1. Using Cα centres only, tell me the gap between region B:132-147 and region A:1-41 in whole Å.
2. Answer with one residue from B:78, B:11, B:128: the one whose Cα lies farthest towards the positive end of the charge dipole of region B:4-208, charges on Cβ with Lys, Arg +1 and Asp, Glu -1.
3. Given the protein assembly as shown reduced to its alpha-carbon atoms as identical point scatterers, what log10 I(q)/I(0) does the Debye formula return at q = 0.09, 0.12, 0.14 Å⁻¹?
4. Give the calculated FRET efficiency between residue A:153 and residue B:3 to the nearest 0.05, with a Förster radius of 51 Å applied to their Cβ-Cβ distance.
5. Quote the relative contact order of chain A in percent (integer), defining contacts as alpha-carbon pairs under 8 Å separated by 6+ residues.
6. Mind listing which trypsin sites (Lys or Arg not before Pro) in region A:124-165 are in a DSSP loop and have 16 or fewer other Cβ atoms within 10 Å?
7. Can you give the charge dipole size of region A:35-78 about its Cα centre, rounded to the nearest 20 debye, using +1 on the beta carbon of Lys and Arg and -1 on the beta carbon of Asp and Glu?
8. Nm distances between the label at residue B:134 and the same-position labels in the remaining copies, 7 Å along Cα→Cβ, shortest first?
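Every read-out reported here was derived from the displayed coordinates using simple, explicitly stated rules and does not represent laboratory data. Note that this is a predicted model, so its numbers are computed, not measured. Glycine also receives a Cβ, built like all others from the backbone with ideal geometry; neighbour counts cover every protein chain displayed.
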There are 2 protein chains.
Amino acid sequence: MLLMQEELNTLNETLQEMGALVAQSIHRSVMSLVEKNEDYAHQVLRDESRINQLEMQIDDLATTLIARQTPVASDMRFVVAAIKINTDLERMGDMAVGIVERSLAAMRQPELPLEVGFTEIGNLVESMVLTSLDAFVKRDAQLARTVLAADDAVDKLRNSITRQMIEVMKLDPVMVERALDYILIARRLERIADHATNVAEDVIFLVKGIDVRHRSLAE
Amino acid sequence: MLLMQEELNTLNETLQEMGALVAQSIHRSVMSLVEKNEDYAHQVLRDESRINQLEMQIDDLATTLIARQTPVASDMRFVVAAIKINTDLERMGDMAVGIVERSLAAMRQPELPLEVGFTEIGNLVESMVLTSLDAFVKRDAQLARTVLAADDAVDKLRNSITRQMIEVMKLDPVMVERALDYILIARRLERIADHATNVAEDVIFLVKGIDVRHRSLAE
């Protein structure tokens, strides 16, 4: 029979592998967009099934571990956090796929007459994802809190992109599809940021044993 | 010390309370939209904090139960399913809030020159949510499978709404905001359907012990 520590390590490592792969897909989805690069887009589509596989594997490791080892206290919190983080990572992966699908569609539409500013929101979202994963690896609640603080900036950038695209659509009907693609891409980036926030909240719960969801930062 | 069966019952009942409240919010969000009814919208906004409270309470019940009672086999599957279903229900509640925010915004925009067809997609999505919850209450995997089968129809209705709204935006720049609101509402309904699908998959896992995610229905 495997030792509890061995099973915890396997779960931890598999979750980190999943995190690294999802972060890579997010990076490539942003690059496919800002550099209009089809290769990056196709790599994201290719890696989707591996991410789905890892999601099922992690759930399986977590449930088997609980059933066999009956962890308590902080070990139990870790397994519950792993189940939740796993779900958020898989959905981030789905968003990356959604971004490249839209980004491939946008490449086929006429060029917009302005810079949309995806580099800025893309960098910010990527940094939230990497920081939330880093906070998980280091079990660092302080670091996790910096992720929660960044969420408002993403919302602002997303709103600014939406407003610009509405103006574009009003000025030129030919641009409607491309502008809509960009609005939807910005929303997917915002949803990735929301999932990174969920991961950060789970890290705080894991380290501190407190639930910070649905509470303001000031509390 | 509480008996395991008592704790399992409490978890089950709280999850059903959460499900009923979320289903009600979804119903009201659809009604606020098709009947342009502000009262329904405000009720959804009011119930959001109760839903958030229930989410934290259910996670707490589940983790305490695991720590105190060390459930195995089907009891353990039930607790893991409860944690996952809880997350999906809370996010459906978020989507209902998102729908009424957009629906209140749309009420302030000029009327569209056509019927958008939200009654049909709204009814279908509501029925998926209610069926997934019913399948959970009855532990009925067969019933859960009917939810998975309905997901494609929702995607088709959402695509049809998006296509109609793109035409509206191209024909009349004054309609851009309202048409965009409707595109985003249709996407939120689709996401509620996705969450109902997740719940149905968790019910199948709970009853049969098999994981049907990322597999086609034919398998």
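1. If we compute the Cα centre of each part, the gap is 33 Å.
2. Of the options given, the answer is B:128.
3. -0.57, -1.05, -1.44
4. 0.55
5. 26
6. Those that pass, being in a loop and sparsely packed, are A:139.
7. It works out to roughly 260 debye.
8. Ordered by increasing distance: 5.0 nm.
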